[in-house]
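*Asks:* The structure is given below, and queries will be raised subsequently.
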Amino acid sequence: MKKILLSSIIVIIGITFIGRLSYLQIFSFSPDQVLEDPAIKRVYDYPERGYIYDRNDKLLVGNDPAYDVMVIPREVQELDTLEFCGLLGIKKKDFIKELHKAKVYSPRLPSVFVPQLSKQDYAKLQEKMRHYEGFYIQQRSLRYYDTNSAANVLGYISEVNERDLAKNPYYVQGELTGRTGVEKQYEDILRGRKGVQYIQKDRYNRDIGKYKNGILDTLPEQGLELNVTIDKDLQEYGERLMNGKRGGIVAIEPATGEILSMISGPTYDPALLVGRERSKNYSVLHYDSIARPTWDRSILAEPSPGSPFKTLNALVALQEGVIAASTSVQCYNGFYVGRKKRGCHCGGGMRNLNNGIYKSCNAYFANAFRKIYEKYDTTDKGMDVWEKHMKSFGLGEYLGYDLPTGRKGRIPSKEYYDKWYGDNRWSSSYIISNSIGQGEVAATPIQLANMTAAIANRGFYFTPHILKKVDGKDIDIPDFVEAKHTTIDKRHFEPVIQGMADVYTKGTGQLVQIPGIDIAGKTGTVENYTKIDSVRVQLTDHSIFVAFAPVENPKIAIAVYIENGYYGARYAGHIASLMIEKYLKGEITRTDLEKRMLERSLEREYAKPYSGKEFKINEYDWSQDAIKQKKEDTSI
């Protein structure tokens with residue numbers, strides 16, 4: 001009996017061991033466990049990154065083949081370092097640095113030694129790689145750009161850093177990830193999924209075949225194609241118009257919230273941030289602290305909105321019932337705040353809502369602004385009401401668009417002014433500059449375009465967004481397809497829109513009319529200050545223009561902001577009208593205007609603070625070229 005019991009125990013233990021080993025061998029192994037075996041090598045197979053097309057299926061971003069030299073530090077044997085460095089086009093100190101970096105990462109795992117070889121370099125190196133133990137070549141793809149525009153929208157990719165590796169276990173050292181723009185926002189869709197092969201090695205460290213006949217191997221999955229909402233032709237045209245100018249342009253389709261163009265000037269060719277020269281080129285761009293080409297002004301610049309903001313104050317005053325379209329105000333070439341007079345350039349006289357808008361009368365809107373506050377018992381209550389109305393247009397808040405950066409502008413609150421003046425120690429006269437879009441209000445170009453789209457839609461807007469299709473299928477993201485309604489009743493928009501339409505026919509924008517297209521718009525001239533040797537100095541005004549067209553059933557809403565661009569119609573207005581004509585007609589009929597805007601530069605204005613010489617605001621230097629330029633400018 002004891003013998004039978006002992007035999008049974010031995011048999012049971014044996015079966016248990018066999019079963020457990022079988023389970024571990026067949027069912028319960030993982031790639032991570034395999035990596036612990038020094039006789040197993042993991043080789044990645046990288047998929048092509050997803051292509052990016054514009055709204056009309058025109059290619060923006062594709063792929064080109066590239067090759068990385070990989071290293072497994074513990075497998076590296078003695079080699080002719082100088083010969084190897086010569087083949088790779090690197091210095092010996094770089095060889096030592098990269099090999100040390102790879103050892104720190106992992107002596108037994110592969111990492112990138114020299115990234116992104118060209119096809120020519122690869123051809124020279126391929127035949128000789130067998131002489132360099134521990135090194136091998138891995139193919140991947142790099143971005144290819146079928147446009148030299150939209151760098152700020154598309155973004156760029158770069159090698160993952162330590163922070164990326166700690167945050168996301170998917171990546172290993174040497175891989176690429178989206179760093180800005182669409183590339184970053186939709187990284188998970190664009191990158192696809194890499195495949196992997198596990199290679200068995202013998203005791204001499206030679207490859208002998210696939211581990212377990214490839215049961216653990218996976219195939220790569222190519223990244224999905226994206227269509228963005230950008231119109232490639234319009235984007236490229238707008239960037240040409242911004243040559244020699246600084247600022248931002250954003251155009252939106254009011255009916256959908258789709259961003260038609262998003263331009264920051266100055267900009268750069270996105271191809272500069274591809275390949276082995278990427279780091280050097282990025283340093284040049286990033287450390288240009290004057291022009292700041294990598295700083296996206298379309299979503300980061302926060303200028304005062306200027307006179308386009310008057311349209312919102314008009315709508316709030318109408319909604320609150322403190323004015324009607326027929327309400328008239330006498331303008332004495334300005335208005336008084338206490339004993340101090342604030343100027344106005346409308347020419348003076350009786351002003352109602354309509355000519356108050358198209359002549360851009362400061363006195364009219366200062367009066368309307370005061371009445372909003374006077375309606376309520378306390379300034380705090382009036383401020384709460386005004387702030388709520390303004391924020392319903394998407395101002396002073398992050399809009400929620402699908403780009404990974406941006407600023408929220410500023411719509412000041414009662415708490416904001418309490419910090420400045422003290423609780424219950426200020427009134428509407430203290431903040432009267434907000435009535436004309438100066439003072440403490442600030443808005444990004446994309447917010448101004450969205451505000452204009454809300455007016456075009458008579459009271460609602462869709463969250464501005466850049467994604468249109470994924471893998472050929474229309475997106476259905478609730479935040480992008482559900483309308484956001486303002487606090488203003490629809491009936492109040494018509495008199496304001498009529499005033500904006502008259503801006504073109506007989507007001508401050510009458511010199512920028514487009515034959516055959518009815519446009520509603522508003523000019524804006526914004527005071528511009530900087531500090532020179534710690535002294536606050538006034539520079540030439542910023543030029544701002546917002547518009548939508550056609551007035552009925554609008555197809556495009558646009559905001560243009562030009563730094564140091566003089567008055568609203570001078571640069572911003574003309575550029576906006578050319579953009580509208582390009583989008584709606586597909587061609588430009590006003591070729592003389594187009595030529596001037598393409599050739600005109602404001603670099604002299606931007607150089608003034610750094611010249612060390614005295615200068616006048618809103619006036620060119622009196623060189624012969626400047627005199628000619630001034631005459632041409634004033635003729636338009």
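*Asks:* Can you name the residue in segment 441-460 that is closer than 20 Å to Gly406 by Cβ and not hydrophobic (A, V, I, L, M, F, W, C) and is also farthest from the chain's Cα centre (by Cα) among such residues?
*Replies:* Applying the filter and picking the extreme gives Thr452.
*Asks:* Of all the residues that make up segment 271-291, how many are in contact with a helix residue (DSSP H, G or I) (Cβ under 6 Å, 6 or more places away or on another chain) and of a type in the set (S, T, N, Q)?
*Replies:* 1
*Asks:* Could you tell me whether Thr523 is under 30 Å from Pro609 (Cβ atoms), among the hydroxyl-bearing types (Ser, Thr, Tyr), open to solvent by 50 Å² or more (accessible area, probe 1.4 Å) and in contact (Cβ under 8 Å) with a residue 24 or more places away in the chain?
*Replies:* In short, no.
*Asks:* Here is a check on your reading of the model: is Pro115 within 29 Å of Gly214 (Cβ to Cβ) and in contact with a helix residue (DSSP H, G or I) (Cβ under 6 Å, 6 or more places away or on another chain)?
*Replies:* It is false that Pro115 is within 29 Å of Gly214 (Cβ to Cβ) and in contact with a helix residue (DSSP H, G or I) (Cβ under 6 Å, 6 or more places away or on another chain).
*Asks:* Of everything in segment 397-436, what is modelled with pLDDT under 95 and at positive phi? Give them in sequence order.
*Replies:* Once the filter is applied, which keeps residues that are modelled with pLDDT under 95 and at positive phi, segment 397-436 yields Gly400, Gly406, Gly422, Asn424.
*Asks:* Here's a follow-up. For segment 41-79, name all the residues that are hydrophobic (A, V, I, L, M, F, W, C), buried (at least 17 other Cβ atoms within 10 Å of the Cβ) and within 21 Å of the chain's Cα centre (by Cα).
*Replies:* Scanning segment 41-79 gives Ile52, Leu60, Val61.
*Asks:* Moving to a separate point now. Out of everything in segment 133-162 that is under 18 Å from Gln222 (Cα atoms) and either at pLDDT below 90 or in contact with a helix residue (DSSP H, G or I) (Cβ under 7 Å, 6 or more places away or on another chain) (or both), what residue ends up being surrounded by the fewest Cβ atoms within 10 Å (Cβ to Cβ)?
*Replies:* So, considering only residues that are under 18 Å from Gln222 (Cα atoms) and either at pLDDT below 90 or in contact with a helix residue (DSSP H, G or I) (Cβ under 7 Å, 6 or more places away or on another chain) (or both), the one surrounded by the fewest Cβ atoms within 10 Å (Cβ to Cβ) is Gln139.
*Asks:* Now for a different question. If I filter segment 380-392 for residues that are farther than 23 Å from Lys419 by Cα, open to solvent by 10 Å² or more (accessible area, probe 1.4 Å) and part of a helix (DSSP H, G or I), do I get at least one hit?
*Replies:* Within segment 380-392, not a single residue is farther than 23 Å from Lys419 by Cα, open to solvent by 10 Å² or more (accessible area, probe 1.4 Å) and part of a helix (DSSP H, G or I).
*Asks:* Still on this structure: If you go through segment 292-322, how many residues are more than 21 Å from Thr486 (Cβ to Cβ), open to solvent by 20 Å² or more (accessible area, probe 1.4 Å) and in contact with a helix residue (DSSP H, G or I) (Cβ under 8 Å, 6 or more places away or on another chain)?
*Replies:* Qualifying residue count for the region: 1.
*Asks:* Still on this structure: Could you list, in sequence order, the residues of segment 243-265 that are open to solvent by 10 Å² or more (accessible area, probe 1.4 Å) and in contact with a strand residue (DSSP E or B) (Cβ under 7 Å, 6 or more places away or on another chain)?
*Replies:* Arg246, Glu253, Glu258
*Asks:* Which of the strands (runs of 3 or more DSSP E) contained wholly in segment 467-570 include at least 3 residues that are at pLDDT below 95?
*Replies:* 520-532, 535-549
*Asks:* Based on what the data block shows, is Ser118 among the small types (Gly, Ala, Ser) and in contact with a strand residue (DSSP E or B) (Cβ under 8 Å, 6 or more places away or on another chain)?
*Replies:* yes
*Asks:* Any idea which of (1) open to solvent by less than 20 Å² (accessible area, probe 1.4 Å); (2) not in a helix (DSSP H, G or I) is the one Tyr376 doesn't satisfy?
*Replies:* Only one criterion is unmet by Tyr376, namely (1).
Residue by residue, here is whether (1) under 17 Å from the mean Cα position of the chain (by Cα); (2) of a type in the set (Ser, Thr, Tyr); (3) closer than 28 Å to Ile558 by Cα; (4) modelled with pLDDT of 95 or more holds:
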{"position": "Glu221", "(1), (2), (3), (4)": "no, no, no, no"}
{"position": "Val228", "(1), (2), (3), (4)": "yes, no, yes, yes"}
{"position": "Lys232", "(1), (2), (3), (4)": "yes, no, yes, yes"}
{"position": "Tyr237", "(1), (2), (3), (4)": "no, yes, yes, yes"}
{"position": "Leu241", "(1), (2), (3), (4)": "no, no, yes, yes"}
{"position": "Gly257", "(1), (2), (3), (4)": "yes, no, yes, yes"}
{"position": "Leu272", "(1), (2), (3), (4)": "no, no, no, no"}
{"position": "Arg278", "(1), (2), (3), (4)": "no, no, no, no"}
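*Asks:* So which residues in segment 252-271 are small (Gly, Ala, Ser) and within 28 Å of Arg604 (Cβ to Cβ), if there are any at all?
*Replies:* Passing the criteria: Ser261, Ser264, Gly265.
*Asks:* Let me ask you something else. If you check Gln116 against the conditions, is it among the polar types (S, T, N, Q), at positive phi and in contact (Cβ under 8 Å) with a residue 40 or more places away in the chain?
*Replies:* Criteria met by Gln116.
*Asks:* For segment 227-336, which helices (runs of 4 or more DSSP H) that fit wholly inside it have 1 or more residues that are of a type in the set (S, T, N, Q), at negative phi and in contact (Cβ under 8 Å) with a residue 60 or more places away in the chain?
*Replies:* Passing ranges, in order: 232-241, 297-300, 309-319.
*Asks:* Of these, Leu142, Leu82, which one is out of contact with any strand residue (DSSP E or B) (no Cβ under 9 Å at 6 or more places or on another chain) and aliphatic (A, V, I, L, M)?
*Replies:* Leu82
*Asks:* Can you pull out the residues in segment 461-484 that are in contact (Cβ under 8 Å) with a residue 12 or more places away in the chain and in contact with a helix residue (DSSP H, G or I) (Cβ under 9 Å, 6 or more places away or on another chain)?
*Replies:* Result: Tyr461, Phe462, Thr463, Pro464, His465, Ile466, Leu467, Val470, Asp471, Lys484.
*Asks:* Among Leu82, Leu176, Leu165, Leu109, which is surrounded by 18 or more Cβ atoms within 10 Å (Cβ to Cβ) and among the aliphatic types (A, V, I, L, M)?
*Replies:* Leu176
*Asks:* I'm checking my understanding of the structure. Among residues of segment 453-495 that are open to solvent by less than 30 Å² (accessible area, probe 1.4 Å) and of a type in the set (Gly, Ala, Ser), which one is nearest to Glu320 (Cα to Cα)?
*Replies:* By that ranking, first place goes to Gly459.
*Asks:* Spot the failing condition for Leu216; the list is (1) surrounded by 22 or more Cβ atoms within 10 Å (Cβ to Cβ); (2) part of a loop (DSSP other than H, G, I, E, B); (3) in contact with a strand residue (DSSP E or B) (Cβ under 6 Å, 6 or more places away or on another chain), and only one is missed.
*Replies:* Of everything listed in (1) surrounded by 22 or more Cβ atoms within 10 Å (Cβ to Cβ); (2) part of a loop (DSSP other than H, G, I, E, B); (3) in contact with a strand residue (DSSP E or B) (Cβ under 6 Å, 6 or more places away or on another chain), Leu216 misses just condition (1).
The values are calculated or read from the model by the stated rules, or taken from the named source; none is laboratory data. Just so we're clear, the structure is a prediction, and the values are computed from it rather than from any experiment. So basically every Cβ, Gly included, is an ideal-geometry build from the backbone, and we count neighbours across all protein chains shown. We work out accessible area using only protein heavy atoms, side chains counted, and drop any ligands, DNA or RNA first. Shrake-Rupley method; radii C 1.70, N 1.55, O 1.52, S 1.80 Å.
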